[in-house]
Amino acid sequence: MPQQISSTVATESSSGSTSLQDFNQKVFTKSPYLVWVLALFSHLQVTLVLFLLFFMVTDKNRNMYKSKEMLRNWIVSFSVFCTINLFFGFQTLPLGTYLVLLVFILSNLRNYFELHTLSLVLFSTITFTGTYELFFCLFFGFSVNSLLIFLFTAQVLLQIELSLDEEIIAILLGLFLGIRAVGWTTQTEDILLKNWIKYLTAPLLGVLVFYFLKCVITHLSEKKVYSEQNLTPNRIIENETLPVLTNYQEE
């Protein structure tokens, strides 16, 4: 009897803990919609980046990126939020905050689908975000929001491993566009800023073209070697069968 009672209690406790975990998981998958609560308070650009940084830093939550429902909630919540905020203007957000939202979504998509193309897009976007914010701060001043964006980009950069020329091209493209975007968004007539943009983007563009041509040449050479390797067995078979046919004709 005591053993039956203890087993019953253990079963009830395990079922209770399982139901509690399921409840916590359901609540956690709805957490992306908390961004609408943050919109009710001031300093949204700071609290929003802190909100995203919490999910990036917390290791135990990274398994939730594999959840299709979680990913769908992030995309729906941020898409509707950005659309309404841009058209109706709850609070004016800088471009860097919108770029952080895009980086966060791309990071989740990359972790869920594990596609190389998404990794390249993420690399370009994260370097674009960091470069734009850094260059903007150098000319217009630093802020708390900028420091949080740098922390966020650093957290995402820890997940990046460069091993291919395509990834280097994606990084360089993000750097190039990030510096150029400062001139596009500010619409300033400052000669110093324009000169800095020219002096920094010119060598970046040269290196970008170099790696792009290197990637194309490497791809074409590998394709040529692969085709030659496929033709080699056919040539060997032809060389082996030719003496046999010759001897047969002589007989």
Query raised in the report: Volume per residue, Å³, of the convex hull around the alpha-carbon atoms of the range 120-218?
Result: 88 Å³
Report task. Can you figure out the FRET efficiency of Cys215 with Gln155, using R₀ = 30 Å and their beta-carbon distance, to the nearest 0.05? Result -> 0.60
Query raised in the report: If r is the Cβ-Cβ distance from Glu189 to Thr92 and R0 is 25 Å, what FRET efficiency results, to the nearest 0.05?
Result: 0.65
Query raised in the report: Each residue of the range 193-205 in order: what ³J(HN,Hα) in whole Hz does its phi give by Karplus 6.51 cos²θ - 1.76 cosθ + 1.60, θ = phi - 60°, with x for Gly and Pro?
Result: 5, 5, 5, 4, 4, 5, 5, 8, 7, 4, x, 4, 5
Report summary line: Taking only protein heavy atoms and a 1.4 Å probe, the highest-to-lowest accessible-area order of Arg72, Arg180 is Arg72, Arg180
Query raised in the report: What accessible area, in Å² to the nearest ten, does a 1.4 Å probe give for Val209?
Result: 70 Å²
Report task. Could you order Thr185, Thr117, Thr129 so the one with the most accessible surface comes first? Probe is 1.4 Å. Result -> Thr117, Thr185, Thr129
Query raised in the report: Roughly how much of Glu166 is accessible, in Å² to the nearest 10, using a 1.4 Å probe?
Result: 70 Å²
Query raised in the report: How much length, in nm to one decimal, is gained on full extension between Ala202 and Val57, taken as 0.36 nm per residue of separation minus their Cα-Cα distance?
Result: 48.6 nm
Report task. Would you check the accessible area of Phe128, probe 1.4 Å, heavy atoms only, in square angstrom rounded to 10? Result -> 40 Å²
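The values are calculated or read from the model by the stated rules, or taken from the named source; none is laboratory data. Because the structure is a prediction, the values reported are computed rather than measured. We place every Cβ from the backbone using ideal geometry, glycine too, and count neighbours over all the protein chains shown. SASA here: full protein model, heavy atoms, side chains in, ligands and nucleic acids out. Shrake-Rupley method; radii C 1.70, N 1.55, O 1.52, S 1.80 Å.
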